[in-house]
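Shown next, in structure tokens, is the structure this report addresses.
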Ligand code: TYD
Ligand code: MG
């Protein structure tokens, strides 16, 4: 057997080096290298078996052939099933990441109770909280009578021995992956080696028995599943549970899904009795709107297959600094710089002596380029002090030439806006033919200048009235 060697593993990216350094040469993070022995580590597991075991031939097959739909167990919590793509998949591993305190344990307790009430065997293993704490939460959620089987345990071998008892569980929840440790690795719990080998053991269990497993992972401030990002690559699906401080709603976002779409979100609201589903997020995000103030534009966005309307707020104010401030919450700062540059270069507007603040209302986060047009409208509105029409939605991508480019799902965005009582829309030309109703009352600018002229023109129209 090889002599145990000392190695240093980066806790952020999993890079292995033989010498310690202050900075990881692979990912550039500081102070992330931790000494871990290789004896019994997962690196030496399969390799050391090689000498004792001869390879077994597997049957090669073709790409075509029978396909079965992934066997799913739906929880009945609509927003959760939407994010997972229709329910937990048997024999798969799902990672639920999120900041501490965001509500991961709450969500999974509710899901466990919902599934148990449908007759599934659910095991909830907590390595973070004592049984009494979990019971308290269950009481608060009103699910204390559910048949969920509970354990407070952190050793993977003990967990496997426990759930091997009796009928195979349909779902095993491990809260959290950072507290698990296995006898097979000799590093401290929470290190990359431990987390990785514990996750691997549990994933192997899921694949071999057909039980679904859910791993809970805490996320660091930088937005990574703390330390072991490596787990993301091993599991079949990754969901992030996120929310903005001070806001009650939470978004369950699909980051990776081998069995379904990756752009879905589930929206929840945290109440004193647990998480409540929000089936119409637009109403939530538009809830506190003051329509008449300048600098606000409603963006008709899409999250996966679902349209979501949010308000974009801009404040353009004269600066007292040499270099004006650009601050963005909920959108991409580089994209804001681009929209500002296009407004300056092609529309003759000047932001050089102004601070620009941009906020997506309700703490929501937008990643779609289709928000460009709504952002531009809000910026122009704030700069000119002219309020935009309260019943108008905006969407469209702006190119560097100032042209407005079509975006997908125009019909769905319009339909959602109409449903929520909006009467007009500003959208790109060449999107699918706008139909009746709000589509007929739409304005389709070819360039950003057309939109600026229209907003400025509203002043003249008001004066004429
Ligand atoms: P928790 O599920 O423990 O978070 P995580 O597992 O992600 O760390 O949720 C903790 C927070 O949720 C805590 O601040 C209290 C709050 N909460 C409610 O507001 N209502 C509830 O019904 C429950 C159970 C928790
Ligand atoms: Mg928790």
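The values are calculated or read from the model by the stated rules, or taken from the named source; none is laboratory data. If you're wondering where the values come from, they're calculated on a predicted model, not measured in any experiment. Neighbour counts are summed over all protein chains in view; Cβ atoms, including those assigned to glycine, are modelled from backbone coordinates with ideal geometry.
What is the residue count in segment 211-228 for residues that are more than 16 Å from ligand 2 (Cβ to nearest atom) and either at pLDDT 90 or above or surrounded by 21 or more Cβ atoms within 10 Å (Cβ to Cβ) (or both)?
So the answer is 5.
Given 113, 185, which one is more than 14 Å from ligand 2 (Cβ to nearest atom), surrounded by 22 or more Cβ atoms within 10 Å (Cβ to Cβ) and in a loop (DSSP other than H, G, I, E, B)?
185
Identify, by number, the condition in (1) surrounded by 20 or more Cβ atoms within 10 Å (Cβ to Cβ); (2) more than 16 Å from residue 313 (Cβ to Cβ) that residue 367 doesn't meet.
(1)
Take segment 131-168 and flag every residue that is over 23 Å from residue 100 (Cβ atoms) and either within 16 Å of ligand 2 (Cβ to nearest atom) or under 28 Å from the mean Cα position of the chain (by Cα) (or both).
Correct list: 142 only.
Kindly establish whether residue 90 is modelled with pLDDT of 90 or more and more than 16 Å from ligand 2 (Cβ to nearest atom).
Taking the combined requirement at face value, the residue satisfies it.
Limited to segment 92-106, what total is found for residues that are under 19 Å from residue 202 (Cβ atoms) and more than 14 Å from the chain's Cα centre (by Cα)?
Residues meeting the conditions: 3.
Based on what the data block shows, is residue 298 touching a residue at least 40 places away in the same chain (Cβ under 8 Å), assigned to a strand (DSSP E or B) and over 21 Å from the mean Cα position of the chain (by Cα)? First the steps, then the outcome.
On the way: touching a residue at least 40 places away in the same chain (Cβ under 8 Å): yes; assigned to a strand (DSSP E or B): yes; over 21 Å from the mean Cα position of the chain (by Cα): yes.
Spelling it out, residue 298 is indeed touching a residue at least 40 places away in the same chain (Cβ under 8 Å), assigned to a strand (DSSP E or B) and over 21 Å from the mean Cα position of the chain (by Cα).
Yes or no, residue by residue, for (1) under 13 Å from the mean Cα position of the chain (by Cα); (2) part of a loop (DSSP other than H, G, I, E, B); (3) exposed (fewer than 14 other Cβ atoms within 10 Å of the Cβ); (4) not assigned by TED's automatic domain parsing to the domain that holds residue 371:
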residue: 261; (1), (2), (3), (4): yes, yes, yes, yes
residue: 266; (1), (2), (3), (4): yes, no, no, yes
residue: 269; (1), (2), (3), (4): no, no, no, yes
residue: 289; (1), (2), (3), (4): no, yes, no, no
residue: 292; (1), (2), (3), (4): no, yes, yes, no
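Going by what's in this entry, would residue 79 be described as away from ligand 2 (no atom under 16 Å from the Cβ), out of contact with any strand residue (DSSP E or B) (no Cβ under 9 Å at 6 or more places or on another chain) and either on the phi < 0 side of the Ramachandran plot or in the same structural domain as residue 243 (by TED's automatic domain parsing) (or both)?
So residue 79 does not fit the description; no.
Does residue 97 satisfy the criteria of being within 29 Å of residue 303 (Cβ to Cβ), in the same structural domain as residue 177 (by TED's automatic domain parsing) and more than 16 Å from ligand 1 (Cβ to nearest atom)? I'd like the intermediate steps shown before the answer.
On the way: within 29 Å of residue 303 (Cβ to Cβ): yes; in the same structural domain as residue 177 (by TED's automatic domain parsing): yes; more than 16 Å from ligand 1 (Cβ to nearest atom): no.
No, not satisfied.
If residue 327 meets every condition in (1) surrounded by fewer than 19 Cβ atoms within 10 Å (Cβ to Cβ); (2) part of a helix (DSSP H, G or I) apart from one, which number is that one?
(2)
When segment 132-156 is examined, which residues are found to be surrounded by 13 or more Cβ atoms within 10 Å (Cβ to Cβ) and part of a helix (DSSP H, G or I)?
Within segment 132-156, 133, 134, 135, 136, 137, 138, 140, 141, 156 qualify.
Residue 101 passes all but one of (1) within 21 Å of residue 275 (Cβ to Cβ); (2) in a helix (DSSP H, G or I); (3) without any contact (Cβ under 8 Å) to a residue 40 or more places away in the chain; (4) within 16 Å of ligand 2 (Cβ to nearest atom); which number fails?
Here residue 101 meets the rest and fails (2).
Which count do you get for residues in segment 62-98 that are in a loop (DSSP other than H, G, I, E, B) and either in contact (Cβ under 8 Å) with a residue 12 or more places away in the chain or touching a helix residue (DSSP H, G or I) at 6+ places or on another chain (Cβ under 7 Å) (or both)?
Qualifying residue count for the region: 12.
Evaluate the following for residue 128: is it within 16 Å of ligand 2 (Cβ to nearest atom), surrounded by 14 or more Cβ atoms within 10 Å (Cβ to Cβ), in the same structural domain as residue 205 (by TED's automatic domain parsing) and more than 21 Å from residue 209 (Cβ to Cβ)?
Here the answer is yes, as residue 128 does meet what is asked.
Taking the conditions exactly as written (touching a strand residue (DSSP E or B) at 6+ places or on another chain (Cβ under 7 Å) and part of a helix (DSSP H, G or I)), does residue 334 satisfy them or not?
no
State whether the residues of segment 279-287 include one that is in contact with a helix residue (DSSP H, G or I) (Cβ under 6 Å, 6 or more places away or on another chain) and in a strand (DSSP E or B).
no
Any residue in segment 251-272 that's under 21 Å from residue 138 (Cβ atoms): show its pairings with residues that are assigned to a loop (DSSP other than H, G, I, E, B) and at pLDDT 90 or above at Cβ separation under 7 Å, as long as the two are six or more apart or on different chains.
270/103
Is there a residue in segment 395-406 that is in the same structural domain as residue 453 (by TED's automatic domain parsing), farther than 13 Å from residue 444 by Cβ and under 24 Å from the mean Cα position of the chain (by Cα)?
yes
Evaluate the following for residue 310: is it under 27 Å from residue 419 (Cβ atoms) and either without any contact (Cβ under 8 Å) to a residue 60 or more places away in the chain or not in a loop (DSSP other than H, G, I, E, B) (or both)?
It is true that residue 310 is under 27 Å from residue 419 (Cβ atoms) and either without any contact (Cβ under 8 Å) to a residue 60 or more places away in the chain or not in a loop (DSSP other than H, G, I, E, B) (or both).
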